[in-house]
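The block underneath contains the structure these notes are about, expressed in structure tokens.
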Amino acid sequence: MKRRLTIGILLGVLCMQSGCAKIQEYFETPLEEGLAYLKEEKYSEAIASFEASIDKQKDVGEAYRGIGIAYWEQENYQQAEEAFTDALLNGVDKTGTLYNFLAICDWKEQDLDGALQDFMTGIRCEPEGSELRQEMEFNVICIYEEKRDWSNAKARMEEYIAAYPEDEQAQKEAEFLRTR
């Protein structure tokens, strides 16, 4: 559910930034067409449209971000990561959402150090108290656990519980960490 909400929000942001008030049957730009295909879950067509935007040197960063989302939805995390990185190199806003995507791509690819770095960058991009920031902070703990870095996992968990005492899952995880 969170994944679909995140994708929906990102599509809305992309649409607003590209100047399209709503996705229509007729598109003025390949970026708009790609966004429509993303919404329809036609990922190959979306990628082709975004690549056309890149070829025309129009909305290059946004097109790479769209390609990243399409690959993400297809669970092709290596290509998604490459596209998100290209988006950053081509001037898209550095947001918590984008770094969260990058971190999860790294995590899926077993690049735990890369995931940790991207989560930390994403946390710095997100305002205090945001749901995404909380999710990324918890994921940092999970990465430390996966790395078997128990001291950092415990320290981060204590900070997390102090900030989010209502998180029952974290309370259970803290109990587990206390046994390590």
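The values are calculated or read from the model by the stated rules, or taken from the named source; none is laboratory data. Remember, it's a predicted structure, so these values are computed and weren't measured experimentally. Methodologically, a virtual Cβ is constructed for each residue, glycine included, from the backbone with ideal geometry; neighbour enumeration extends over all protein chains shown. We work out accessible area using only protein heavy atoms, side chains counted, and drop any ligands, DNA or RNA first. Shrake-Rupley method; radii C 1.70, N 1.55, O 1.52, S 1.80 Å.
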Can you find a residue in segment 17-33 that is modelled with pLDDT under 75 and either within 13 Å of the chain's Cα centre (by Cα) or in a helix (DSSP H, G or I) (or both)?
yes
Just one of the numbered conditions (1) more than 16 Å from PHE119 (Cβ to Cβ); (2) open to solvent by less than 70 Å² (accessible area, probe 1.4 Å) is not true of CYS142; which one?
(1)
Selected residue (criterion: farthest from the chain's Cα centre (by Cα)) from residues of segment 126-180 that are among the polar types (S, T, N, Q) and under 27 Å from LYS94 (Cβ atoms)
ASN152
Residue pairs qualifying under the 7 Å Cβ cut-off, at least six apart or on distinct chains, with the first in segment 58-79 being open to solvent by 40 Å² or more (accessible area, probe 1.4 Å) and the second being of a type in the set (D, E, K, R) and not in a loop (DSSP other than H, G, I, E, B), are TYR64/ASP86
Residues satisfying the stated conditions in segment 170-180, i.e. without any contact (Cβ under 8 Å) to a residue 12 or more places away in the chain and either part of a helix (DSSP H, G or I) or surrounded by 14 or more Cβ atoms within 10 Å (Cβ to Cβ) (or both)
GLN171, LYS172, GLU175, PHE176
